[in-house]
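Chemist: Structure in structure tokens, see below.
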Amino acid sequence: MEKNEVGQVAIRHYNSNSTGHQVNGRTYTWTPKYNVSLAWVEEADVPNLLGVMINACCGHTGHKFSLANANDVSIWNTGHAL
């Protein structure tokens, strides 16, 4: 689990578009940079976000958010993988 200096967790949106989502009265906004859409969220809100599902084409369902890995965070911050 990738965390920032204040203990928030990096969560990636399933595609590179921006989006917003509200959890427990907090609104999070995913900002795309370098083809990675990422937000820093409170650790207590992670389970709720990881449970959000989407309806995709052809009857497929999937998760809207996932934990970002170190490469996701590096690309989002610098434009380069580790």
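The values are calculated or read from the model by the stated rules, or taken from the named source; none is laboratory data. Only a predicted model underlies this, so the values are computations on that prediction, with no experimental measurement involved. Positions of Cβ are backbone-derived with ideal geometry, glycine not excepted, and every protein chain shown enters the neighbour counts. These area figures cover heavy atoms from the full protein model, side chains too; ligands, DNA and RNA do not enter into them. Shrake-Rupley method; radii C 1.70, N 1.55, O 1.52, S 1.80 Å.
Chemist: Could you sort the peptides 17-25, 63-71 by per-residue average Cβ neighbour count (10 Å cutoff), highest mean leading?
Modeler: 63-71, 17-25
Chemist: Hey, another quick one. Mean separation of Cα pairs under 8 Å and 6+ residues apart, divided by the residue count of the chain: what relative contact order is that in percent?
Modeler: Reported relative contact order: 32 percent.
Chemist: How far is it, in nm, from the label point at Asn35 to the one at Tyr14 when both lie 7 Å from their Cα along the line to the Cβ?
Modeler: Taking the simple label geometry, Asn35 and Tyr14 are separated by 2.0 nm.
Chemist: Tally up the carbon and sulfur contribution to the accessible surface of region 32-82 as a whole percent, 1.4 Å probe, everything protein left in place.
Modeler: Using a 1.4 Å probe with all protein chains present, region 32-82 comes out at 56 percent carbon and sulfur.
Chemist: What order do Val6, Val73 take when sorted by accessible area (1.4 Å probe), most exposed first?
Modeler: Val6, Val73
Chemist: With a probe of 1.4 Å, find how much accessible area the chain has per residue, and write the answer as a whole number in Å².
Modeler: On a per-residue basis, 59 Å².
Chemist: Once you treat every alpha carbon in the chain as an equal point and sum by Debye, what is log10 I(q)/I(0) at q = 0.11, 0.21, 0.27 Å⁻¹?
Modeler: -0.28, -0.96, -1.39
Chemist: Starting at the first residue of region 68-82, write each ³J(HN,Hα) from the Karplus equation 6.51 cos²θ - 1.76 cosθ + 1.60 with θ = phi - 60°, in whole Hz, x for Gly and Pro.
Modeler: 7, 9, 4, 5, 4, 5, 4, 4, 4, 6, 10, x, 10, 6, 5
Chemist: Could I ask something else about it? Starting from the Cα-Cα distance between Asn69 and Arg26, subtract it from 0.36 nm times their residue separation and give me the gain in nm to one decimal.
Modeler: 13.2 nm
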